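The values are calculated or read from the model by the stated rules, or taken from the named source; none is laboratory data. Just so you know, these numbers come straight off a predicted model, no measurement behind them. Virtual Cβ from ideal backbone geometry, glycine too; neighbours counted across all protein chains shown. SASA here: full protein model, heavy atoms, side chains in, ligands and nucleic acids out. Shrake-Rupley method; radii C 1.70, N 1.55, O 1.52, S 1.80 Å.
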Amino acid sequence: MEHVIIVAAGKGSRFGGDLPKQFCLLGERPVLMHTLVRLGRNLPQANMVIVLSEEYADYWRKLCLMYGFESPKIVIGGATRWESVKNAMEAISPADDDIVLVHDGVRPVINKEMMNRIMGGMAVADAVIPTMPVTDSLRQIDADGGSKAIDRSQLVSVQTPQAFRGKQLKAAYAQEFQESFTDDASVYESAGFGAPLLVEGSPLNIKITHPRDIEVASLFLGIK
């Protein structure tokens, strides 16, 4: 069985404005609805849950009524992304062999080709994450304010959805929180399961972080 955890409990402080970015309009409906629709098209049989902050759960329910949209089960998130996913894991209680995918609610441009690569990877691995090569030149800032060039060929950027076998992800989220937990793959590795299998992500799979990203996502989705 497949489960999808959509993490949408963030406050979106970098986005600006009073409304978290997952609820901002992308075309004629909120970003989060686009994300859910695209996930549903690619994983029609999956059990989906959405993680929201307690502050915005009722607001989301009102949006669903307004747009005639059927929401997945709602799980209340925590103070950190780690706590939010942990709460969702407890809510779905996946079987050991189940596949659990964790996706950012503000990544609405999900395509079939990338999902096929992720699910294909899960046929041969217990964890799979989509990545993209780094194309910009990079420099590391030193403590004294200086900097040095970094070989970008040794680095990749990480996207979501990230996929895991239920047994391992449950064990990973039984750990105590660490500041180094930036995504689910870092939680997984910290539990001693090794590095996930890397598959090609998608340049279209942007994370909406700044207002201009709404315009980019609109172009990718063909929304005028």
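Quick notes on this structure:
- Hits in segment 188-218 (condition: assigned to a helix (DSSP H, G or I) and open to solvent by less than 60 Å² (accessible area, probe 1.4 Å)): 188, 190, 191, 213, 214, 216, 217, 218
- Number of the exception - residue 89 against (1) modelled with pLDDT of 95 or more; (2) buried (at least 17 other Cβ atoms within 10 Å of the Cβ): (1)
- Residue tally, condition within 16 Å of the chain's Cα centre (by Cα) and either of a type in the set (Val, Ile, Thr) or over 17 Å from residue 22 (Cβ atoms) (or both), over segment 191-224: 11
- Close contacts from segment 115-126, counting a first residue that is in contact (Cβ under 8 Å) with a residue 40 or more places away in the chain and a second that is polar (S, T, N, Q), with Cβ to Cβ under 7 Å and a gap of 6+ residues or different chains, come to 115/42; 126/168.
- Residues in segment 112-127 that are out of contact with any helix residue (DSSP H, G or I) (no Cβ under 8 Å at 6 or more places or on another chain) and assigned to a loop (DSSP other than H, G, I, E, B) were compared, and the one that is least open to solvent (accessible area, probe 1.4 Å) is 122.
- Sole residue being assigned to a helix (DSSP H, G or I) and touching an Asp or Glu at 6+ places or on another chain (Cβ under 7 Å), chosen from 37, 85: 85
- Within segment 51-63, if we keep just the residues that are within 10 Å of residue 8 (Cβ to Cβ) and of a type outside the set (A, V, I, L, M, F, W, C), the residue that is least open to solvent (accessible area, probe 1.4 Å) turns out to be 53.
- Segment 207-220 residues that are free of Cβ contacts under 8 Å to residues at least 60 places away in the same chain, paired with ones that are in a helix (DSSP H, G or I) and exposed (fewer than 12 other Cβ atoms within 10 Å of the Cβ) (beta carbon under 9 Å, 6 or more apart): none
- Subset tally (residues that are among the aliphatic types (A, V, I, L, M), more than 30 Å from residue 8 (Cα to Cα) and in a strand (DSSP E or B)) for segment 139-168: 3
- The residues listed here are 66, 33, 48; of these, the one that is touching a residue at least 24 places away in the same chain (Cβ under 8 Å), hydrophobic (A, V, I, L, M, F, W, C) and open to solvent by 20 Å² or more (accessible area, probe 1.4 Å) is 48.
- Residue under evaluation residue 179, criteria (1) farther than 21 Å from residue 24 by Cα; (2) touching a helix residue (DSSP H, G or I) at 6+ places or on another chain (Cβ under 8 Å); (3) in a loop (DSSP other than H, G, I, E, B), criterion not met: (2)
- Residue within segment 92-103 that is open to solvent by 10 Å² or more (accessible area, probe 1.4 Å), closer than 23 Å to residue 180 by Cα and out of contact with any Asp or Glu (no Cβ under 8 Å at 6 or more places or on another chain) present: no
- Of all positions in segment 7-21, none carries a residue that is closer than 27 Å to residue 219 by Cα, in a helix (DSSP H, G or I), of a type in the set (A, V, I, L, M, F, W, C) and open to solvent by less than 80 Å² (accessible area, probe 1.4 Å).
- Options 139, 117: the member that is at pLDDT 95 or above and among the charged types (D, E, K, R): 117
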